[in-house]
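The values are calculated or read from the model by the stated rules, or taken from the named source; none is laboratory data. Note that the structure is predicted; figures quoted are calculated from it, not measured. For neighbour counting, all protein chains shown are included, and Cβ atoms are generated from backbone atoms with ideal geometry for every residue, glycine included.
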Amino acid sequence: MSVLVPVAEARRRLVDSLKPLATESVSVMDAVGRVLAEDVTATVSHPPADVSAMDGYAVRSADVTKVPVQLTVVGESAAGHPWNGTVDRGQAARIFTGAHMPKGADAIVIQEDADVSGTVVTIKESSVAQRHVRPAGQDFKTGDVVLRAPKRLTARDIGLAGAANAAHVTVFRKPRVGVLSTGDEIALPGESVGLHQIVSANGPSICAFVRDRGGIDLHLGVVRDEATALRAALDRAEPIDLLVTSGGVSVGDRDLMKQALSTDDFALTFHKIAMRPGKPLLFGHLKGLPIMGLPGNPVSAMVCAILFLGAALDRLQGLPGAAPATLPARLGADMKPNDGREDYVRARLERAADGGLIATPFAKQDSAMISALAQAGALIVRAPHAPAAKAGDQVSTLILE
Ligand code: AMP
Ligand code: MG
């Protein structure tokens, strides 16, 4: 039997064998979730001038060191409507949040600290220079790099790019991913389901995963368990950047992926991983096309997608292809010692009274339990040969939601 490749080593090999796709320019309005390929540089400053942070009165701080004091209101500055006059000694200007500071004024007195009567305002609280003033460029200045590539753009990033006046941003192209299920028993949702058939979980779940992680999913249907049919389906794949299959990767007589790919034009990167679920996981290049052969068991397929397909999609989109983030949690139940494979244990996730996370492994860890995976809040990650653990012990968890 071939040696099992450790998870981290397999991810490294996978990521090393993939190159980021080409880049394209998209409207900032369409860029959320895309991976930035070029830094975004501000072409405006924010704020563009000194502005008020509050509604109130723009004053000369020297006039309001001793209070109460009466000032004459000589103008009004509102957001979008600056006032061109000057605040001289003994004067003030009515001002609103976001409005430009008038010349002469260097502080704001909030309206709660002022009584106005006609053109006279009585200032009841003293102020100092720059109080409630946002200086020009405090947030960012023209020429500042506000977003650094590579980075998957969040709604917050989009707001920043917009404010920096980047109408378009350069991002990596979306990977086109073909998704193929294998198995004589597999029907598709909505089809008539024969007595010996099951309905595909993997086609829908893998397509959804690809889309969720910034790819374009192309469902290529189901191919039967016959090596030449499978090979024909693999060869026929349209212009795509990655082909993901499910099923047929273990060592049963009817597991035909290896057989279909046992030709000189296929370069194997790895076939078996030291993990559970999902030991049989195949990756390689067929005439330059990356192929990921996920196991058929739906839980194994999805866990492998989380650990490896996610990294592949990230890499194609210009990101490093790092491992998913983990968080510490306390165990909600005892666990037996682990064997030589890295274990990803489906678990319920809760918050303890002290705010910490509690992960309780499900009693049944069958890799065909699609419902348990859907209900799991986390995967408890157990290192190879981890010793037995007690309820309350700290473990590492991969948060699913
Ligand atoms: P295989 O790796 O082809 O031996 O499949 C392992 C198990 O996963 C078998 O019980 C299959 O019926 C099941 N399986 C394979 N493909 C799918 C799929 N697309 N959806 C749900 N279960 C599947
Ligand atoms: Mg099969």
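Residue check: residue 164 meets all listed conditions (1) within 16 Å of ligand 2 (Cβ to nearest atom); (2) closer than 30 Å to residue 47 by Cβ but one, namely (1). Has segment 137-145 got any residue that is within 30 Å of residue 245 (Cα to Cα) and away from ligand 2 (no atom under 16 Å from the Cβ)? Looking through segment 137-145, none of the residues is within 30 Å of residue 245 (Cα to Cα) and away from ligand 2 (no atom under 16 Å from the Cβ).
Going through segment 361-394 one residue at a time, which ones are in contact (Cβ under 8 Å) with a residue 12 or more places away in the chain and outside any loop (DSSP other than H, G, I, E, B)? Of everything in segment 361-394, those that are in contact (Cβ under 8 Å) with a residue 12 or more places away in the chain and outside any loop (DSSP other than H, G, I, E, B) turn out to be 361, 370, 372, 373, 375, 378, 379, 380, 381, 382, 389, 394. Assigned to a loop (DSSP other than H, G, I, E, B) and within 16 Å of ligand 1 (Cβ to nearest atom), is that true of residue 354? No: the conditions fail for residue 354.
When restricted to residues that are more than 13 Å from ligand 1 (Cβ to nearest atom), charged (D, E, K, R) and touching a residue at least 12 places away in the same chain (Cβ under 8 Å), segment 255-271 contains 1. One residue stands out in segment 351-401 among those that are out of contact with any Gly (no Cβ under 7 Å at 6 or more places or on another chain) and among the hydroxyl-bearing types (Ser, Thr, Tyr): the one that is farthest from residue 334 (Cα to Cα), namely 371.
Considering each of 339, 343 in turn, give the residue that is among the acidic types (Asp, Glu) and either within 16 Å of ligand 1 (Cβ to nearest atom) or outside any strand (DSSP E or B) (or both). Outline the logic, then answer.
Numbers: 343 fails: either within 16 Å of ligand 1 (Cβ to nearest atom) or outside any strand (DSSP E or B) (or both).
The match here is 339.
Confirm whether residue 252 is within 16 Å of ligand 1 (Cβ to nearest atom) and of a type in the set (Gly, Ala, Ser). Criteria met by residue 252.
Among residues that are modelled with pLDDT of 95 or more, within 16 Å of ligand 2 (Cβ to nearest atom) and not hydrophobic (A, V, I, L, M, F, W, C), residue 178 is not included.
When segment 188-229 is filtered for residues that are touching a strand residue (DSSP E or B) at 6+ places or on another chain (Cβ under 6 Å), hydrophobic (A, V, I, L, M, F, W, C), surrounded by 15 or more Cβ atoms within 10 Å (Cβ to Cβ) and assigned to a helix (DSSP H, G or I), the ones remaining, listed by number, are 206, 207, 210.
Only one entry of 217, 157, 235 meets the criterion of being within 22 Å of residue 316 (Cα to Cα), among the acidic types (Asp, Glu), away from ligand 2 (no atom under 16 Å from the Cβ) and in contact with a helix residue (DSSP H, G or I) (Cβ under 9 Å, 6 or more places away or on another chain), and that entry is 217.
If you check 49, 62 for being loosely packed, with under 15 Cβ neighbours inside 10 Å and not in a loop (DSSP other than H, G, I, E, B), only one passes: 62. For segment 12-22, state whether one or more residues are farther than 15 Å from residue 314 by Cβ and of a type in the set (Ser, Thr, Tyr). Scanning segment 12-22, I find no residue that is farther than 15 Å from residue 314 by Cβ and of a type in the set (Ser, Thr, Tyr), so the answer is no. Count of segment 231-249 residues, restricted to those that are farther than 14 Å from residue 177 by Cβ and within 11 Å of ligand 1 (Cβ to nearest atom), is 3. Listed by first and then second residue, the pairs with beta-carbon distance under 7 Å, at least 6 apart or on different chains, first residue in segment 181-202 and among the acidic types (Asp, Glu), second surrounded by 12 or more Cβ atoms within 10 Å (Cβ to Cβ), are 184/224; 184/225; 185/197; 185/198. Residues in segment 64-109 that are among the charged types (D, E, K, R) and touching a residue at least 40 places away in the same chain (Cβ under 8 Å): 2 in all.
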